[in-house]
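As structure tokens, the structure follows; a few thoughts come after it.
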Amino acid sequence: MKEKNVKKDIRSWLDERSGLSAVFRFLREKKIPQHKHSLWYYTGSAILLFFGIQVITGFMLVFYYSPTLEEANSSVARIMTEVPLGWIIRSVHSWSASFMIAFVFIHLLSIWITKAYRKPRELTWMSGVFLLILSLLFGFTGYLLPWDDLSLSATKVGTDIPRSIPVLGVWVTKFLRGGEDVTGDTLTRFFGFHVCILPLFLLALLVVHVYLIQKQGMSLPLDLERKEEKVKELPFWPNFVYREMIVWLVLIGILFTVSIFFPPSLDKAADLMAPAPEGIKPEWYFLFLFQMLKIFPAKILFMNGDTLAVLLILLGGIAFFFLPLIDNKPAERKGKIITVIAYLFIIYVVGMSVWSLL
């Protein structure tokens, strides 16, 4: 009896100072709508899962990695050959980055198709687009860190793209590289972005994004919302959480299977004076942009082809960010056209990526 009183006193003490009981009460009372599109709800938690794996494996790798021109490549080699289970940790870190970016794309595309960004969830969508940008920057900055020939050449190509932007382009390229060319300063700069600056921004934005989701609640498909029918609901705790845990177990199983059988390779240390190897390609999530830049001719009327391509990409990104404001009448003809554009965009991305690979 005395032990129960002590536990009760401790819980009361903690709750009085932290307010955790209000959080738990909110989770118990939270309901998740159940309908034919409910599967997409699980993609959001999958992103959190892979981000968590990124953080954990990143902590493990940073203890052994040296972000210097002389040691970067050899430190990755030591992680893969000398550190116990180092090769699998690096492989899981690399693959979970790809899985996370893939699920961010899937999550945003599912929101686009189901129009879950409609009023009052515009800010939720916009914060999600920023999360996509940060995820892509994570992948881009992490790609250079092994410091082999392939990563060096791909980074040269990637950081040279902003140069085509009028006025600010040259400054952006110099800012990313830490100078005119990709050097050891670029490696140090990318390491700082990857392990410090980007995680801080992403964590802050993630807090805002999750708050907005809880504030506005889960959206319903447009047809169900218009019918104003009562939708079947599932308690968040414990029913939905248990289902999420099953999804997480499946995804972790797939992640480790892929990581074990297809670990990332490591080429020889990068030589700043060596010519770029043939067939340079970025990571899969940049392939469609890479191919778009390749197919543009050198000159289109009075403008350089690469400049026009980069400007089109920027305009497309801006339109994507402001999509909830553009699609302000989702149930009408304009909204249906924007849904068709979503499917065409998916076909375009897949087609251009396959074309680039071939």
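The values are calculated or read from the model by the stated rules, or taken from the named source; none is laboratory data. Computed from a predicted structure; not experimentally measured. Virtual Cβ from ideal backbone geometry, glycine too; neighbours counted across all protein chains shown.
Side notes on the structure shown:
- One residue stands out among those in segment 73-92 that are out of contact with any helix residue (DSSP H, G or I) (no Cβ under 6 Å at 6 or more places or on another chain), surrounded by 15 or more Cβ atoms within 10 Å (Cβ to Cβ) and of a type in the set (Gly, Ala, Ser): the one that is nearest to THR183 (Cα to Cα), which is SER75.
- So PHE240, is it over 19 Å from TRP40 (Cβ atoms) and aromatic (Phe, Trp, Tyr): no
- Only a single item in (1) surrounded by 21 or more Cβ atoms within 10 Å (Cβ to Cβ); (2) touching a Lys or Arg at 6+ places or on another chain (Cβ under 9 Å) is not met by LYS156, and it is number (1).
- When ILE101, ILE133, ILE111, ILE106 are screened for being farther than 19 Å from VAL258 by Cα, crowded, with 20+ Cβ neighbours inside 10 Å and out of contact with any strand residue (DSSP E or B) (no Cβ under 6 Å at 6 or more places or on another chain), only ILE111 passes.
- Count of segment 196-243 residues which are in contact with a strand residue (DSSP E or B) (Cβ under 6 Å, 6 or more places away or on another chain), of a type in the set (A, V, I, L, M, F, W, C) and either not assigned by TED's automatic domain parsing to the domain that holds GLN34 or not in a loop (DSSP other than H, G, I, E, B) (or both): 3
- Residue in segment 223-234 that is closer than 18 Å to TRP112 by Cα and among the hydrophobic types (A, V, I, L, M, F, W, C) present: yes
- Any chance ALA22 is aliphatic (A, V, I, L, M) and in contact (Cβ under 8 Å) with a residue 40 or more places away in the chain: no
- Counting residues in segment 48-57 that are in the same structural domain as ASP223 (by TED's automatic domain parsing), more than 30 Å from SER219 (Cβ to Cβ) and in a helix (DSSP H, G or I) gives one or more.
- Residue within segment 340-358 that is polar (S, T, N, Q) and closer than 25 Å to LEU134 by Cβ present: yes
Residue-wise test of (1) farther than 21 Å from VAL207 by Cβ; (2) modelled with pLDDT of 85 or more.
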{"residue": "LYS4", "(1), (2)": "yes, no"}
{"residue": "ASP9", "(1), (2)": "yes, no"}
{"residue": "SER12", "(1), (2)": "yes, no"}
{"residue": "ASP15", "(1), (2)": "yes, no"}
{"residue": "LEU20", "(1), (2)": "no, no"}
{"residue": "GLU29", "(1), (2)": "yes, no"}
{"residue": "HIS35", "(1), (2)": "yes, no"}
{"residue": "TYR41", "(1), (2)": "no, yes"}
{"residue": "ALA46", "(1), (2)": "no, yes"}
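- Residue in segment 204-224 that is hydroxyl-bearing (Ser, Thr, Tyr) and within 22 Å of ILE133 (Cα to Cα) present: yes
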